[in-house]
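As structure tokens, the structure follows; a few thoughts come after it.
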Amino acid sequence: MDTKLKNQLSKISKKLRFSVIEMLYNAKSGHPGGALSSADIISTLYFGDILNVDPKNPYSLNRDIFILSAGHYCPVWYAALAYRGFFSTEELNSLRKFGSRLLGHPKYKSLPGIENSGGSLGQGFSIALGCAKALKLDDKKNKVFCLLGDGEQNEGQVWEAAMFSSHHKLDNLVAIIDVNKIQIDGYTSEVMDSEPLHEKYKSFGWSVQRIDGNDIEAVYN
């Protein structure tokens, strides 16, 4: 990986984290954990030339699609979209305020670049499958990226989706699980341990890589 790009992505990740803290402080509510733990993943996708997106034409039929299944992570998504040029960064501190477009969970097209409404965990993964399957049926080369949390793996819908995608050979879908080891009720290992996740997804027919999600170079590679 180019050193210049690595340093650039590292700076952007820090900027996104700073923005998340500022947004949540001003809102006096929200979910900091996932938004902070996924910042390196989000910055690499949006600023590392991984996602094919265009702020000037956010719903182009040639775009790649990013689905945030863990909807409460949305502050970092909003920050990335703003700094990527989808809307003004000045709007970020309106998060969770009355009349704001920056809702506590994402709403489809509430902001340019928002691809799904999020709330109930697990549903975003199924939305991603629908997008990936539709692209396959249309013989299009677009890719779909879906970010999930590790607490979200408690949802049965996630495993139905994992089975569906493997059966239908949706190799245009990339699922990313942010294993930050905590969920709203406590540590994931104590609430309902879903490890070893990599072995479980392999058994469902997935090609799996397990990396340090806070290592920019590992995420990028």
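The values are calculated or read from the model by the stated rules, or taken from the named source; none is laboratory data. This structure is a prediction, so every number in the text was calculated from the model and none was measured. Ideal geometry is used to build each Cβ from the backbone, glycine not excepted, and the neighbour counts take in all protein chains shown. The protein model used for the area step is the full one, side chains on, heavy atoms only, and it has no ligands, DNA or RNA in it. Shrake-Rupley method; radii C 1.70, N 1.55, O 1.52, S 1.80 Å.
Out of the chymotrypsin sites (Phe, Trp or Tyr not before Pro) in the range 1-107, which ones are loop residues according to DSSP with at most 15 other C-beta atoms within 10 Å? Each step should come with its number before you reach the end.
Values: sites: PHE18, TYR25, TYR46, PHE47, TYR59, PHE66, TYR73, TRP77, TYR78, TYR83, PHE86, PHE87, PHE98; in loops: TYR59, PHE86, PHE87, PHE98.
Passing sites in the range 1-107 are TYR59, PHE98.
Alpha carbon centre of the range 41-102 versus the range 177-220: separation in Å?
The two parts, judged by their Cα centres, are 23 Å apart.
Hey, what's the range 3-113 come to in accessible area per residue, 1.4 Å probe, Å²? Intermediate values should be presented prior to the final figure.
On the way: 5190 Å² over 111 residues.
For the range 3-113, the per-residue accessible area is 47 Å².
For the chain, what % of the accessible area comes from carbon and sulfur atoms, probe 1.4 Å? List each step's numbers first, then the result.
On the way: 5800 of 11370 Å².
Here it works out to 51 percent.
Before anything else, pin down the relative contact order of the range 136-178: Cα pairs under 8 Å, at least 6 apart, normalised by residue count, whole percent.
Working: 32 pairs, mean separation 28.0, N = 43.
About 65 percent, as a whole number.
Would you mind working out the accessible area per residue for the range 122-221, using a 1.4 Å probe, and quoting it in Å²? Write out the running numbers ahead of the final one.
On the way: 5750 Å² over 100 residues.
About 57 Å² of surface per residue is accessible.
Name the aspartates and glutamates eligible as straight-distance cross-link partners of LYS11: C-alpha to C-alpha under 15 Å, and not fewer than 8 places from it in the same chain.
ASP2, ASP40, ASP215, GLU217
So which DSSP H runs in the chain come out at 27 Å plus along the axis (Cα) with average Kyte-Doolittle of at least -1.0?
3-27
Please check: in the Gaussian network model of the chain (C-alpha springs, under 10 Å), which one of GLY118, GLY34, GLY85 has the largest mean-square fluctuation.
GLY85
Nearest 0.05, what FRET efficiency do ASN26 and MET192 give at R0 = 30 Å with Cβ-Cβ as r?
Numbers: r = 34 Å, r/R0 = 1.12.
For ASN26 and MET192, the calculated efficiency is 0.35.
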